[in-house]
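Encoded as structure tokens, the structure appears first; notes follow it.
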Amino acid sequence: MIEILLLVHLILAILVLSIRSLFTAVILMAIFSLFSAVLFFVLHAPDVALTEAAVGAGVSTFLYIWIVKHTQKEGE
Amino acid sequence: MIEGIVYLFLLLAAIFNLMGLVGILLFPDPYTRLQASSTCSTTAVISVFIAVMLEAGFSAITGKVLVITLFFFISSPVGAHIIARYAWNMGIVPWRKLRKSSLEDLPHD
Amino acid sequence: MKKTNILDVVSRKLSPFILLFGVYLVTFGHISPGGGFQGGVALASSLLLILLAQGPRVLASSFPIGRISVIEVLGYGLFLLAGLGGFLLGLGFLSPLLPPPGTIFILNIVIGAKVGAGITLICWHLFQEGEEQE
Amino acid sequence: MTTTLAFDTIGYLFIASSVVALYRVLWGPTVPDRLLGLNVASAQILAILVLYAAKEKLHVYLDVALVYDIFGFVGILALTKFLEKRQRRGGSV
Amino acid sequence: MRVRSKWKLVRILFTTVWLYGGWLLYTGSFETVSLCLGALASLLVATATYNLFIAEHEAARKGLLVRIHYGILYLLYLLAQMYLSSFAVLINILRGNINPRVVHFRTRLHSDLARVLLATSITLTPGTIALELQEDHLIVHWLDAKTRHSKYAGILIKGKMETLLSRVLL
């Protein structure tokens, strides 16, 4: 289980870094944090998983997407 | 007896999940893909919840899973509705069958 | 943008339950995987749901933004006070003064209030900035 | 307990299907397809969390699943809100 | 003024009772400390959010009074319908034979909550997604359309759910 999750992590990290569209990168970051929540959960660290799920999926998506909005305004 | 029902629900979850994935991959436009996800995938996840509830019996796990199920009953269709409404307001035209369908022969009124 | 009925009603009925869930995470922090920080983020997400679904005016009508910043500052001060209390009595920083669940319970509540208010304020200001420039 | 093996199998199946749902995120022709991929993947992960908590028989682990349920919803809401604002300004996605 | 403050108290009480039920489900324990803490916390949350939970203009309707037995019946009916419609969609996927259409129809439910519940259960059940809900007007995307006539489509899609819902919420 753990090996598969780590492999998925690696693939997702490469994809996040190499993709061109910023919006897709934000969605991939949300899915990345989702998988890392499962990884911490499987490793018996539910408190870390809780923090990862709360911050990674909800709040950091909000922050990233608003930052993308503000930075793209200058470029357009 | 109860184990048999648990296995039945897990089997249902697997079947619905796979078929939902096939629908998501093969359907032609966003609305139809949303149909596949919002019926088949949701039913798969809820089957898993029901199986877990039956397996745990009457305990604290059942109460928590019940809360999660109720939340999921609200959050999944509302999420699908948000995406569908965004696509509708964006102006994506729903896909329609090209050849003359049998719909024209149906009673119109 | 036209307001949709579904999102409006769902956010109205759901956000008190999420707020209560945050309170549960904070107060049961010493015996469950939750805690001050996680509970605080859950509290903030409830206010975030209202902000995203209904706009800043509805949020400000039931949670005035001035009061939220007062809570944030108050949380910081209380945390510092609880830490320095042990210091003044000759013990270490953040040393337990009350019997076992006591100190952690109070610290969890303080941290939860501070984190929730802080994240709400950050998101509020980001949201408002986008509104003004349009 | 014999159901442990079945739970494990279904868990692997759900992880595989959430990876397959990434196809829609990466190559979805339109923006709603990408959001749909996120929605499907988060639902599958929720099921995995519940399965693991049931396998370990610890009810405190289920808090993680409930938090995940709430935050996936808020995340999708934030993404669509951002897109609607940008579309009203007339920008491209 | 007197009526308004009385209505405020009623709203706070209602919200507290609902939230206390939620607390019991969250904790799953019946110790004295947890019960007292739950009462305190739900009262606190209720005083902060009663205005959101029950809006002021809902005074005339009996708002959130729910008949519990009809509610449970509705949930079971919804679950059965969900499985049936999932099988229908599954057969559609396997045969690759779909005929999507967008239909409009009206509902005769009155309260906002009932309309929203109808829209979400439509999204869950027979191969349909609610695209838009404005007042009592629903726009629905139908995967396997049988008809284009709006009233007939409404009867086919809503099924028994509408009458059951009108019994669940007073």
Residue count, segment D:26-42, condition without any contact (Cβ under 8 Å) to a residue 24 or more places away in the chain, within 23 Å of A:H9 (Cβ to Cβ) and not in a loop (DSSP other than H, G, I, E, B), comes to 7
Over segment E:90-108, the set of residues under 30 Å from C:L14 (Cα atoms) and surrounded by 19 or more Cβ atoms within 10 Å (Cβ to Cβ) is E:V103, E:F105, E:T107
Being farther than 27 Å from E:L24 by Cα and at pLDDT 85 or above narrows B:L11, B:L70 down to just B:L11
Scanning segment E:36-56 for residues that are crowded, with 17+ Cβ neighbours inside 10 Å and of a type in the set (G, A, S) gives E:G38, E:A41, E:S42, E:A46
If you go through C:L59, C:L14, C:L25, C:L19, the only one that is surrounded by 18 or more Cβ atoms within 10 Å (Cβ to Cβ) and touching a Ser or Thr at 6+ places or on another chain (Cβ under 6 Å) is C:L19
*In this structure, is D:A41 of a type in the set (A, V, I, L, M, F, W, C) and more than 10 Å from chain A (Cβ to nearest Cβ)?*
no
* Looking at C:F37, is it closer than 15 Å to A:V55 by Cα and facing another protein chain (nearest Cβ under 7 Å)? -> yes
Residues in segment E:117-141 that are crowded, with 16+ Cβ neighbours inside 10 Å and either within 9 Å of chain B (Cβ to nearest Cβ) or more than 16 Å from E:K158 (Cβ to Cβ) (or both) total 17
Checked segment D:1-25 for anything touching a Leu at 6+ places or on another chain (Cβ under 8 Å), free of Cβ contacts under 8 Å to residues at least 12 places away in the same chain and under 19 Å from A:V16 (Cα atoms); matches are D:V20
Within segment E:107-137, residues being in contact with an Asp or Glu (Cβ under 8 Å, 6 or more places away or on another chain) and under 25 Å from B:I24 (Cβ atoms) number 1
Checklist entry - Looking at A:F32, is it closer than 30 Å to C:G34 by Cβ, aromatic (F, W, Y) and more than 10 Å from chain D (Cβ to nearest Cβ)? => result yes
Restricting segment E:77-113 to residues that are in contact with a helix residue (DSSP H, G or I) (Cβ under 9 Å, 6 or more places away or on another chain) and among the charged types (D, E, K, R), the one farthest from B:I74 (Cα to Cα) turns out to be E:R101
If we keep only residues of segment C:4-29 that are part of a loop (DSSP other than H, G, I, E, B) and under 18 Å from the mean Cα position of the chain (by Cα), then the residue modelled with the lowest pLDDT is C:G29
The correct count of residues that are more than 9 Å from chain D (Cβ to nearest Cβ) and without any contact (Cβ under 8 Å) to a residue 12 or more places away in the chain in segment A:60-76 is 6
How many residues of segment A:19-53 are farther than 29 Å from D:A54 by Cβ and more than 14 Å from the chain's Cα centre (by Cα)? The answer is 2
(request) Evaluate the following for A:I14: is it within 7 Å of another protein chain (Cβ to nearest Cβ), among the hydrophobic types (A, V, I, L, M, F, W, C) and either over 27 Å from C:F127 (Cα atoms) or assigned to a helix (DSSP H, G or I) (or both)? (result) no
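Checking the condition closer than 21 Å to D:V25 by Cα and crowded, with 16+ Cβ neighbours inside 10 Å, which residue from A:V38, A:V48 passes?
On the way: A:V48 fails: closer than 21 Å to D:V25 by Cα.
Sole residue among the options that is closer than 21 Å to D:V25 by Cα and crowded, with 16+ Cβ neighbours inside 10 Å: A:V38.
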Filtering helices (runs of 4 or more DSSP H) wholly in segment B:1-89 for at least 3 residues that are more than 10 Å from chain E (Cβ to nearest Cβ) and surrounded by 22 or more Cβ atoms within 10 Å (Cβ to Cβ) gives B:2-26, B:42-56
Of the candidates D:Y12, D:Y23, D:Y52, the one satisfying the condition of being over 21 Å from B:L21 (Cα atoms) and either at the interface with another protein chain (Cβ under 7 Å from one of its Cβ atoms) or in a helix (DSSP H, G or I) (or both) is D:Y52
On the basis of being at the interface with chain A (Cβ under 9 Å from one of its Cβ atoms), of a type in the set (V, I, T) and closer than 17 Å to B:L34 by Cβ, does D:V60 make the cut? no
Only one of A:A53, A:A57, A:A49, A:A45 is more than 11 Å from D:G75 (Cβ to Cβ), within 8 Å of chain D (Cβ to nearest Cβ) and of a type in the set (A, V, I, L, M, F, W, C), namely A:A49
Residue set C:A53, C:A44, C:A82; condition within 14 Å of chain A (Cβ to nearest Cβ), part of a helix (DSSP H, G or I) and more than 14 Å from the chain's Cα centre (by Cα); output residue C:A53
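The values are calculated or read from the model by the stated rules, or taken from the named source; none is laboratory data. Bear in mind that the values here come from a model prediction, so they are computed numbers and not experimental data. Positions of Cβ are generated from backbone atoms using ideal geometry, with glycine treated the same way; all protein chains shown enter the neighbour counts.
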